[in-house]
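*Asks:* One structure is given below, represented as structure tokens, and several questions about it will come after.
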Amino acid sequence: MLDDLEAQWAQDDPDFPDRTEAHVRHVTAKAWRFIGEMEEISATFRAAGLPSDFHDAAAEIYRRMDGLEKQAHMPSLNEVLARLLET
């Protein structure tokens, strides 16, 4: 499945799969920072009577990546994806 996605991305931009993988791997180092920010935005939206589900979901995504920054090595894309798919 990942191979199919990367092939599709590469049709439009051959460098996109590599850049995307690098970005996903690097963002894990900062994921812990964004949990609270997403929760604050969600609460603000909710208080204003606006939908807050997007930011609640974003907080959960960052929560699942939390701790990856403490590994001795930068996590592989597969490690990040496995964390995201945990329930």
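The values are calculated or read from the model by the stated rules, or taken from the named source; none is laboratory data. All values reported here derive from a predicted model rather than from experimental measurement. Every residue, glycine as well, gets a Cβ built from its backbone with ideal geometry; the counts of neighbours run over all protein chains shown.
*Asks:* All but one of (1) free of Cβ contacts under 8 Å to residues at least 24 places away in the same chain; (2) closer than 14 Å to Met65 by Cα; (3) hydrophobic (A, V, I, L, M, F, W, C) hold for Ala7; which doesn't?
*Replies:* (2)
*Asks:* Another one. I need the full set of residues from the stretch 43-55 which are out of contact with any Asp or Glu (no Cβ under 8 Å at 6 or more places or on another chain) and of a type outside the set (A, V, I, L, M, F, W, C), in order please.
*Replies:* Within the stretch 43-55, Thr44, Arg46, Gly49, Pro51, Ser52, Asp53 qualify.
*Asks:* Need at least 2 residues that are modelled with pLDDT of 85 or more, at negative phi and surrounded by 12 or more Cβ atoms within 10 Å (Cβ to Cβ) per element, so show me which helices (runs of 4 or more DSSP H) inside the chain make the cut, counting only ones lying wholly within it.
*Replies:* Fully inside the chain and qualifying: 16-27, 31-47, 53-65, 77-85.
*Asks:* Sort through Glu39, Glu60, Glu69 and tell me the only one that's of a type in the set (D, E, K, R) and touching a Phe, Trp or Tyr at 6+ places or on another chain (Cβ under 8 Å).
*Replies:* The conditions single out Glu69.
*Asks:* Would you check if there is a residue in the stretch 58-71 being touching a residue at least 40 places away in the same chain (Cβ under 8 Å) and not hydrophobic (A, V, I, L, M, F, W, C)?
*Replies:* Scanning the stretch 58-71, I find at least one residue that is touching a residue at least 40 places away in the same chain (Cβ under 8 Å) and not hydrophobic (A, V, I, L, M, F, W, C), so the answer is yes.
*Asks:* Only one of Ala82, Ala31 is under 24 Å from Leu2 (Cα atoms) and in contact with an Asp or Glu (Cβ under 7 Å, 6 or more places away or on another chain). Can you tell me which?
*Replies:* Every option except Ala31 fails the conditions.
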